[in-house]
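Below is one structure, written out as structure tokens; comments come after it.
The numbers here are math on the coordinates, done by the rules we state, and not lab data. Just so we're clear, the structure is a prediction, and the values are computed from it rather than from any experiment. Because the Cβ atoms are built from the backbone with ideal geometry, glycine has one as well, and the counts that use them run over all protein chains shown.
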Number of protein chains: 4
Amino acid sequence: MGRNIHYPLIIVNLKTYLEAVGKKAEELAKISEKVSYETGTCIGLAPNFTDISRLSIFNIPVFSQHIDPIEPGPYTGHILAESVAEAGATGTIVNHSEKRLKISDIEVAIERAKEVGLATVVCANTTRVGIAVAAFAPSMVAIEPPELIGTGIAVSKAKPEVVSNSVREIKKIDPNVEVLCGAGIVSGRDVYAAIKLGSNGILVASGVIKAPNWENSLLEFAKAAADASGEL
Amino acid sequence: MGRNIHYPLIIVNLKTYLEAVGKKAEELAKISEKVSYETGTCIGLAPNFTDISRLSIFNIPVFSQHIDPIEPGPYTGHILAESVAEAGATGTIVNHSEKRLKISDIEVAIERAKEVGLATVVCANTTRVGIAVAAFAPSMVAIEPPELIGTGIAVSKAKPEVVSNSVREIKKIDPNVEVLCGAGIVSGRDVYAAIKLGSNGILVASGVIKAPNWENSLLEFAKAAADASGEL
Amino acid sequence: MGRNIHYPLIIVNLKTYLEAVGKKAEELAKISEKVSYETGTCIGLAPNFTDISRLSIFNIPVFSQHIDPIEPGPYTGHILAESVAEAGATGTIVNHSEKRLKISDIEVAIERAKEVGLATVVCANTTRVGIAVAAFAPSMVAIEPPELIGTGIAVSKAKPEVVSNSVREIKKIDPNVEVLCGAGIVSGRDVYAAIKLGSNGILVASGVIKAPNWENSLLEFAKAAADASGEL
Amino acid sequence: MGRNIHYPLIIVNLKTYLEAVGKKAEELAKISEKVSYETGTCIGLAPNFTDISRLSIFNIPVFSQHIDPIEPGPYTGHILAESVAEAGATGTIVNHSEKRLKISDIEVAIERAKEVGLATVVCANTTRVGIAVAAFAPSMVAIEPPELIGTGIAVSKAKPEVVSNSVREIKKIDPNVEVLCGAGIVSGRDVYAAIKLGSNGILVASGVIKAPNWENSLLEFAKAAADASGEL
């Protein structure tokens, strides 16, 4: 447990959902910590930037939703790797489909994250983009077909071959890169399938945040992840 | 004093300068609070997003460096007005020259800020842009010719007519909009001149952050602002 | 007639519709020229950049769909005012809702257009944005609520007060700025209403390009514009 | 000869240099055609979008400087693959350092180019970005360290290992991808070195456009390319 990343990993992206801002983000962190202890599955949260420091007191890894490819300096309104690390983050998402980056900026953002000790989860909308970003040696690649995001149709169900092909091709480029599976995940079954297809965790947002009961939802996901991993 | 804005106003933009991240931002907040009490000049800080909540315990107004023109929802990596307000900010900068917005987004960002009770400081690189953004009825317009930012050559010295013309023309569009003066301010003289030219405060960054002694620098600026205001 | 702009003015935006690329753009130009002669209404076309020179041989004004706020120099992939003028354009659209610009870039783009003798049609999605851009003294402001673009519901019908308020407020800022009316225009009635509400022409795209018969459509629009203008 | 691409290939990027707009672009095309006949080296030009159709009558391949990742439709101000092809282009540059794209957009832009029969030259600022974009199977990757662009210090001289490593690693990902060498090339020597290091041509801009005599410059480059290729 603790703030280090281990696998299987569930990252919950809080996006800018009002349901998970401020104190409510703290509430979710408390639940995540608890579920993580109970199941052994690592649960990380990616809150609003303004909430990173609040969540860093919990025993879970906290992720920034984005960092900019900048050095310290005159960059008003940008997200500096050092600020995010200082606030207590363990890692950062890069190139989420709602915050896509230029390819050269992905390379620099990953370098900057490494310099300050942040793990990197680079999102890819297709297998080929996943292969491409693997060239930058991030910690993880999250495969998220954007047409499935928020639909409740899990990529692990609708496009299983996208997951398995991505895992195989990304590992060919760099075997140290872990693959996460995102988009449309709403049930323990989706999580189970994702891990059986070779991924090492999931990136989820509305599937948890919009669920009627956060603890039940997280528990279902975390158990499925633990089960699937145990059987491998 | 306190977290409300009053005039004359000095806003210190901490940008993504490493000198002013995290604990160092808190240190600057403590100093700002003290100088503000001593001089009666309102001093606000615009820290990294990750530091807004840390600074909100001080008796000074805190500004976000930017907000995005979005409603709550699936906007990973964006800056939501509600998050910034919840973290304790009093206001937000909009359209800083290092984070320029599309014109239609400026209108929406200002609306969103108003909805959550944030004051707005809209930056303008020219007098005409200042006039244009005044149409959106922000709380303040900060005139900052970008070619002077970080130069140590104050707009109030180098281009006094830019300041006085901007004040006159902006007040014609909307007399409730306060005008701040930015770019190149490094001395109490620059601050004094800015206010004598009709502005009601300044927006400053490196002029404070890179100064050898923050307290001396802020004290010089705040006294000059109080003096100039008292004489009007 | 000829390549100069006169009012009432109908600008047809060819966007990147395949129906109006290359030779088909020439065909539309031929029809526009003819209808313009017959009705006395000025008809301008805004084709793909690659088609500007092809259309410049016709006796109608040709508009660029966009220009970048750049001087000649190392700006691969950008739209230079001089290139557009050299290709034979009479004017340029700026800040179309599908190609929105930062506010400071609108100012520079308009300046660059003026330097090379191009008329400017600045698009505004709201009345306030229309007022704001009027500060830059463009030749025309086109009011186009984006929620109506391509719907077949004309702004002049759905939101007549947006048109009349925009005309009044924009003329207050600068009486030399002409106001065009855009979004959702599909019939001669819409055009007639637009001009009766105080605008001096329209900006239309799918209403013409997707019409079953270009000549009939243009003729209907141009006659309505001429009728409405004649009655003022 | 003719409008098809063969190797070694020299692509001259006319950027938005005023020296090479309109009639001057035609002049350069005439010279390029002549030098190409004399030396057997393929010379392509990448002019302003507005000049593509003018240059398509010459017996040289013409490249667009950029295309957008869009289908035909309502995309005012964008560059549609079909428009560029219809204007007579043989290929297109994608992701030039002055017009960088999001990684997912590079994939789509390359697909769109293939659909309309355009060859693709994807620019990469580093070897790793070159490897990454090779995953999208473009026709060519041009390695251009941006810090050398316009300096007169050729990448083939200053950083020969960047060229040779890029060629080796890109060919590992996809042996069908040709590698071009860009940035800082000003002499026949630079061209010769580039090809000896394994690239199959160059991408050059100011090195030709700003040269005192276009024909001499192109002749020197084209001969060096032919010589180096003949010796391989």
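Some observations on this one:
- Applying a length cut-off of 18 Å (Cα extent along the axis) and a mean Kyte-Doolittle floor of -0.5 to the DSSP H helices of chain B leaves B:103-115, B:160-173, B:214-231.
- A label point on B:GLY150, set 7 Å along the Cα-to-Cβ line, lies at 1.7, 3.6, 3.9 nm from each of its counterparts in the other copies, closest listed first.
- Packing-based exposure ordering (other Cβ within 10 Å, fewest first) of B:SER199, B:SER36, A:SER56: A:SER56, B:SER36, B:SER199
- Given B:LYS172/C:LYS171; C:LYS15/C:LYS99; B:LYS159/B:LYS210, the pairs whose alpha carbons are separated by over 18 Å: B:LYS159/B:LYS210
- If only the Cβ of Lys and Arg carry +1 and only the Cβ of Asp and Glu carry -1, the dipole of the protein assembly as shown around its Cα centre is close to 0 debye.
- Among A:VAL21, A:VAL94, A:VAL62, the largest mean-square fluctuation in a Gaussian network model of chain A, built with springs joining Cα atoms closer than 10 Å, belongs to A:VAL21.
- Estimated 222 nm signal from helices in chain B, with DSSP H stretches of n ≥ 4 weighted -39500 (n - 2.57), rounded to 500: -12000 deg cm²/dmol
- Rounded to the nearest 20 debye, dipole of region D:9-231 from Cβ charges on Lys, Arg, Asp, Glu: 440 debye
- On the rotation that sends chain B to chain A, the chain B Cβ lying closest to the axis gives residue and distance in whole Å as B:PHE49, 2.
- Using the Stokes-Einstein relation with a Kirkwood hydrodynamic radius computed over Cα pairs, the translational diffusion coefficient of region A:9-231 at 20 °C and a viscosity of 1.002 mPa s comes to 126 µm²/s.
- Inter-label distance for C:ASN176 and B:ALA158, nm, one decimal - labels placed 7 Å from Cα along Cα-to-Cβ: 2.9 nm
- Copy-to-copy label separations for B:ARG189, where each label sits 7 Å from Cα toward Cβ, in nm and ascending: 5.2, 7.0, 7.6
- Taken as Cα centroids, region B:41-64 and region A:45-70 sit 19 Å apart, rounded to the nearest whole angstrom.
- Backbone geometry of region D:53-65 corresponds, through the Karplus equation with coefficients 6.51, -1.76 and 1.60 at θ = phi - 60°, to 3J(HN,Hα) couplings of 5, 4, 8, 6, 8, 8, 8, 9, x, 10, 10, 6, 7 Hz, x marking Gly and Pro.
- Inter-label distance for D:GLU27 and C:GLU27, nm, one decimal - labels placed 7 Å from Cα along Cα-to-Cβ: 3.8 nm
- The residue among D:ILE70, D:GLY150, D:ALA29 whose Cα reaches farthest toward the positive pole of the charge dipole of chain D, with charges on the beta-carbon of Lys, Arg, Asp and Glu, is D:GLY150.
- The protein assembly as shown - share of DSSP beta bridges that are antiparallel (%, nearest 5): 5 percent
- The Rg/Rh ratio of the protein assembly as shown, with both radii computed over alpha carbons and Rh defined as the Kirkwood radius, is 0.98.
- Cα-projected label distance for B:GLU38 with A:GLU231, points at 7 Å along beta-carbon direction, nm: 6.9 nm
- A label point on B:GLU38, set 7 Å along the Cα-to-Cβ line, lies at 5.5, 7.6, 8.1 nm from each of its counterparts in the other copies, closest listed first.
- Euclidean distance between Cα centres, region D:16-36 to region D:186-227, Å: 16 Å
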